[in-house]
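Below is one structure, written out as structure tokens, with a few remarks after it.
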Amino acid sequence: MPSSRFAAPSEVPGLAARRIAADILDGVLHKHRTLDDQLDGAGAHPGLKSLADRDRALMRRLVATILRRLGTLGHVLSRLLDRGVPTDAPRAQSALLIGAAQILWMDVPDHAAVDLSVRLVQSDRRAAKYAGLVNAVLRRCAREGQPLIDEVKAQTLDLPPWLLARWIAAYGETTARAMATALSHEPSLDITVKSEAAQWATRLHGETLPTGTVRTLLQGSVTMLPGFTDGQWWVQDAAAALPARLFGDVAGKTIVDLCAAPGGKTAQLAQAGARVTAVDRSAPRMARLRDNLARLSLQADEVVTDAAEWQGNCDGGYDGILVDAPCTSTGTIRRHPDVAWLRQEGDIAALSALQARLLRRAVGLLKPGGTLVYCTCSLEPEEGEQQIAALLAAESGVRRTPIDAAEVAGLSEILTADGDLRTLPSHLPHEDPRLGGLDGFYAARLVKS
């Protein structure tokens with residue numbers, strides 16, 4: 001696909017945002033690049049620099065909507081196309097997805113959605129011949145699309161079949177479908193505040209969750225919101241904020257955060273008074289952790305190395321180890337919808353082996369009587385419950401310390417029968433679906449005897 005032409009002063013308003021959205025979609029669906037890689041850091045799309053904040057927000061929402069509804073979009077377009085989506089021109093496919101998503105789910109006038117998608121294909125050499133087709137299909141979509149959605153509402157098309165099958169096996173069909181429904185909604189912004197959660201909820205036009213997280217529907221640049229620049233809070237899903245609290249009072253204790261970047265849990269531990277060592281193998285991600293801590297006026301010792309090989313530097317062992325292990329991240333699909341289409345079932349085995357290595361290393365770093373908290377943002381049992389069961393079977397000197405409902409604001413539904421934490425996207429329902437839900441997290445608390 002030819003490289004994008006970025007917005008010129010005379011370009012049609014909104015076209016640059018849609019052109020960049022098409023590039024990023026192509027990156028996810030055909031080049032297996034994550035959204036994070038394409039939106040931030042060294043690999044970010046170069047056209048983002050020239051986008052106004054409003055257009056950047058539109059582009060992100062457009063890409064996320066398409067990835068959340070990819071299966072349903074595929075069904076609708078297949079019914080409206082006699083010969084299927086053109087395969088010889090990726091920009092034509094992207095234009096159809098972008099136009100249909102706006103018509104069916106976004107507050108964009110149908111005529112504008114059609115016109116801008118047609119312009120998108122006209123500006124691409126390989127796709128230009130499909131301009132008439134895109135125009136006709138999207139006009140039909142405006143007339144006939146909603147009934148086509150209604151006929152497959154019960155089919156859960158917006159998850160890869162392998163993932164839906166796994167969730168049905170692990171959680172039952174009713175819960176799995178409730179999880180899928182929760183993933184179809186754009187989530188709110190969750191933040192962890194240093195103090196005065198109720199006050200910040202008011203200032204940010206949000207609400208305080210039972211767990212203390214502030215949840216708001218404010219959109220736009222996070223860096224422009226009150227309290228960000230002066231380090232009063234950081235962005236962190238409500239479920240992600242729970243594992244670090246399972247250590248209890250950490251004031252003055254030595255705690256290691258293995259696989260720490262980008263640093264939300266490190267910040268929690270440091271804010272609570274722990275002497276934290278943050279370990280991560282990625283230098284760029286650790287640089288981001290360092291920047292976050294500096295903004296928050298918090299401190300931690302930083303070590304850039306492979307956490308599974310790190311020997312530590314504390315005689316006698318550490319008071320606590322947090323293993324926030326690399327995983328398939330299937331619990332984060334509500335915030336990172338690209339994960340559903342980038343991950344494969346075969347990824348689970350390799351990541352599970354790494355998680356087991358990290359757990360064994362953590363046990364070795366822990367002092368007798370110390371606490372180990374293991375967590376993953378995965379909904380796959382192999383990366384959660386089964387991982388801890390295997391460790392307990394292999395390590396006689398480690399025992400589980402069940403989590404009490406009082407430690408998680410009385411939310412007994414997020415605890416397993418064994419006393420571990422297991423949050424699901426369908427938990428914490430709300431009358432406004434955008435204000436409900438949690439990322440899928442697993443956490444277990446262990447003590448070394």
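Observations, loosely collected:
- Over the chain: helical MRE at 222 nm, DSSP H runs n ≥ 4 each giving -39500 (n - 2.57), nearest 500: -12500 deg cm²/dmol
- Take the Cα of Ala251, step 7 Å toward its Cβ, do the same at Ala42, and the gap between the two points is 4.3 nm.
- Using θ = phi - 60° in the Karplus curve 6.51 cos²θ - 1.76 cosθ + 1.60, the 3J(HN,Hα) couplings for the range 428-433 round to 6, x, 8, 4, 9, x Hz; x is entered for Gly and Pro.
- Cα-based equivalent ellipsoid of the range 87-150: semi-axis lengths in Å, sorted from largest, via gyration tensor: 20, 11, 9
- For Ile321, the residues whose amide H sits under 5 Å from its own are Val256, Thr371, Leu372, Val373, ignoring neighbours fewer than 5 places away on the same chain, with H placed 1.01 Å from N.
- Rounded to 5, the percent of DSSP beta bridges in the range 189-448 classed as antiparallel: 55 percent
- The angle between the Cα long axis of helix 173-183 and the longest principal axis of the Cα atoms of the chain comes to about 70 degrees, rounded to the nearest 10.
- Descending semi-axes in whole angstrom, ellipsoid equivalent of the range 15-155, from the Cα gyration tensor: 23, 16, 15
- Sequentially through the range 187-198, phi angles give Karplus couplings (6.51, -1.76, 1.60; θ = phi - 60°) of x, 6, 9, 9, 9, 9, 9, 5, 6, 6, 4, 4 Hz, Gly and Pro residues having no value and appearing as x.
- Excluding same-chain neighbours fewer than eight residues apart, the lysines reachable from Lys448 by a Cα-Cα span under 29 Å are Lys253, Lys265, Lys367.
- Protection proxy ranking of 392-402, 319-329, by the mean of other Cβ atoms within 10 Å over each peptide's residues and highest first, is 319-329, 392-402.
- Taking all Cα pairs closer than 8 Å and separated by 6 or more residues, the relative contact order of the chain comes to 13 percent.
- The range 189-448 - percent relative contact order, Cα under 8 Å, separation 6 or more: 17 percent
- Farthest toward positive dipole pole in the chain [+1 Lys/Arg, -1 Asp/Glu at C-beta], among Leu25, Ala240, Ser378: Leu25
- Between the Cα long axis of helix 15-29 and the first principal axis of the chain there is an angle of about 60°, rounded to the nearest 10.
- Using only alpha-carbon positions in the chain, the gyration tensor eigenvalues give semi-axes of 41, 24, 21 Å once each is multiplied by 5 and square-rooted (largest first).
- Separation of the Ala112 and Ala350 label points, Cα + 7 Å toward Cβ, nm: 4.3 nm
- Percent RCO, i.e. relative contact order, over the range 164-316, from Cα pairs under 8 Å lying at least 6 residues apart: 16 percent
- DSSP beta bridge pairing in the chain, given as percent antiparallel to the nearest 5: 55 percent
- Rounded to 10°, Cα long-axis angle of helix 90-105 versus longest principal axis of the chain: 80 degrees
- Spacing of the two label points (7 Å from each Cα toward its C-beta) at Arg295 and Ser221, in nm: 1.2 nm
- Net charge of the neighbourhood of Cys141, taken over other residues with C-beta under 15 Å away and scored Lys/Arg +1, Asp/Glu -1, is -1.
- Stretchable slack from Glu431 to Gln311, in nm (0.36 nm times residue separation minus alpha-carbon distance): 38.3 nm
None of the figures in this text is laboratory data; all of them are computed from the coordinates on show. Please read these numbers as outputs of a predicted model, since none were measured by experiment. Virtual Cβ from ideal backbone geometry, glycine too; neighbours counted across all protein chains shown.
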